[in-house]
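Colleague: Please read through the structure below; I'll follow up with questions.
The values are calculated or read from the model by the stated rules, or taken from the named source; none is laboratory data. Keep in mind that what you see is a predicted model, and the values were worked out from it rather than measured. Cβ sites come from the backbone with ideal geometry, for glycine too, and all protein chains shown count toward neighbours.
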Amino acid sequence: MSYTDQEKHKKMRKLVVISVVTIVVIIIGYLIGVLIPRIIAWTTPAPVPPSCNFTVIYTGTGVTPSTNIYSGIMISVDGRDGFIALDAGSIFAGVRAFVENNNLLTEDVASSNTKIEFNFPDSMKSETERIGMILQNQLIGYFLGTIDLSHVLGLVMHSPQDVFNNETVRDASNLPTKKSIIGSTSTITGMQNVFDSPLWSMEPDNYLFTPIIPDVVHQVNDLLHFNDGTFYAKYFNQIKVKSYQTCQGDNFGTAYLFDRNGAQLLYLSASGGNTFNKSCNWRENMNNIWSDQFLQPLNLTALFVEVSSVNATTFGHMTPYDLIGTLKDLMTIRSLSSITSLDVYVQPVREEYASVDSAAADITSVLTFMSTVSGVDATFNFQNQGDLLCT
């Protein structure tokens with residue numbers, strides 16, 4: 001073989017080696033880029049849903065004359081399907097939005113938190129049936145902050161469908177026959193008058209009306225009249241609540257502070273001043289809450305409050321300036337340099353025909369500026385009706 005032929009063979013062998021190495025590199029790259037991630041995915045446990053101190057369904061996000069989104073929330077403990085409502089201005093519309101947002105028309109488990117399961121009967125397929133079951137059997141009591149219609153209208157309108165339906169309950173023998181409505185003495189008197197008058201021909205025997213003593217720590221189960229062994233009693237046996245008198249303009253409202261093993265949620269309902277009259281000192285009432293030792297500011301993870309647009313007339317609501325001011329009071333009274341752990345859920349009040357987005361933008365611009373100037377470093381949130389929160 002000539003020298004020239006030998007050189008050609010060397011080049012051919014070199015080319016073959018390079019080709020083989022290239023193919024091997026491609027195969028290894030494929031294994032690394034495609035197969036290995038799949039193997040990891042197959043062997044990795046599914047993500048664990050978040051563990052919540054309180055699970056919150058947003059039944060309403062504020063007050064507006066044009067849409068059915070009056071303020072209100074439903075709360076539960078993590079992984080439980082028994083809820084209590086804090087105000088009920090648009091309870092049906094809120095549950096409907098929650099059902100639609102979480103694929104609960106076809107599934108039993110909420111898509112945004114798989115720990116929330118309702119166990120709908122197989123025969124229960126329609127939207128109305130599933131909303132009805134949640135209202136009847138998963139909503140087990142009401143804490144009302146005021147008798148104001150925007151906070152109770154949903155409860156009143158849907159009270160005929162609010163009776164427990166034993167046929168769809170897993171343990172009907174331990175189900176209470178009546179639901180509890182809890183509120184201040186004046187709120188309870190007002191609700192009794194609504195249900196026992198020509199205003200609304202409802203049987204008042206569907207409910208247990210329970211005035212709550214303010215400034216006293218209560219077990220939630222006691223207020224709901226759930227004894228040990230009663231169905232749903234286990235869901236709230238760790239929850240305590242304390243109520244406080246607030247101002248709703250010139251009238252009195254009620255705020256609720258819930259505590260679950262130290263983790264706390266504060267629902268202010270309608271709390272604030274009145275543009276025209278000043279007979280109720282709302283700021284002083286808020287300071288009474290901030291100074292109470294039952295409130296643990298560093299364990300307060302969620303605060304729900306109605307806030308009026310910047311230039312709106314107030315009828316028992318805070319303005320953005322008021323909200324920053326009272327949070328600054330909290331920091332001063334409790335000697336706090338920071339409240340970064342606090343999530344403030346703003347429920348915008350809109351007396352005008354404005355959109356949710358425009359009201360939120362209006363309020364947010366002031367909150368952002370004022371919080372920077374004053375050093376109030378809480379996080380401010382705006383939610384949509386039907387949202388499911390983990391606090």
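Colleague: How about segment 81-166: which helices (runs of 4 or more DSSP H) wholly inside it have at least 2 residues that are in contact (Cβ under 8 Å) with a residue 24 or more places away in the chain and over 19 Å from Gly386 (Cβ atoms)?
Modeller: The qualifying helices (runs of 4 or more DSSP H) are 149-157.
Colleague: Keeping to segment 299-322, report how many residues are assigned to a helix (DSSP H, G or I) and at pLDDT below 95. Give the derivation first.
Modeller: We begin by selecting, within segment 299-322, every residue assigned to a helix (DSSP H, G or I); these are 299, 320-322.
Narrowing further to those that are at pLDDT below 95: 320-322.
Going through segment 299-322 one residue at a time, the tally reaches 3.
Colleague: Now for a separate question. Could you list, in sequence order, all residues of segment 358-377 that are more than 12 Å from Pro320 (Cα to Cα) and either in contact with a His (Cβ under 9 Å, 6 or more places away or on another chain) or assigned to a helix (DSSP H, G or I) (or both)? I'd like the intermediate steps shown before the answer.
Modeller: Of the residues in segment 358-377, the ones more than 12 Å from Pro320 (Cα to Cα) are 358, 372-377.
Passing the criteria: Ser358, Thr372, Val373, Ser374.
Colleague: Could I ask something else about it? Could you look through segment 323-338, keep only residues that are assigned to a loop (DSSP other than H, G, I, E, B) and among the hydroxyl-bearing types (Ser, Thr, Tyr), and pick out the one that is surrounded by the most Cβ atoms within 10 Å (Cβ to Cβ)? Outline the logic, then answer.
Modeller: Of the residues in segment 323-338, the ones assigned to a loop (DSSP other than H, G, I, E, B) are 334-338.
Keeping just the survivors that are among the hydroxyl-bearing types (Ser, Thr, Tyr) gives 335, 337-338.
Details: Ser335: 7, Ser337: 7, Ser338: 12.
The residue in question is Ser338.
Colleague: Could we say that Ser150 is closer than 30 Å to Thr189 by Cβ and of a type outside the set (Asp, Glu) here? Spell out the reasoning first.
Modeller: Details: closer than 30 Å to Thr189 by Cβ: yes; of a type outside the set (Asp, Glu): yes.
The answer is yes for Ser150.
Colleague: From the list Thr326, Thr340, Thr301, which one is without any contact (Cβ under 8 Å) to a residue 60 or more places away in the chain, of a type in the set (S, T, N, Q), under 25 Å from Thr59 (Cβ atoms) and assigned by TED's automatic domain parsing to the domain that holds Asp362?
Modeller: Details: Thr340 fails: under 25 Å from Thr59 (Cβ atoms); Thr301 fails: without any contact (Cβ under 8 Å) to a residue 60 or more places away in the chain.
On inspection, the qualifying residue turns out to be Thr326.
Colleague: Do we find a residue being at pLDDT 85 or above, out of contact with any strand residue (DSSP E or B) (no Cβ under 7 Å at 6 or more places or on another chain), among the aromatic types (Phe, Trp, Tyr) and part of a helix (DSSP H, G or I) anywhere in segment 267-288?
Modeller: No, there is no match, as no residue in segment 267-288 is at pLDDT 85 or above, out of contact with any strand residue (DSSP E or B) (no Cβ under 7 Å at 6 or more places or on another chain), among the aromatic types (Phe, Trp, Tyr) and part of a helix (DSSP H, G or I).
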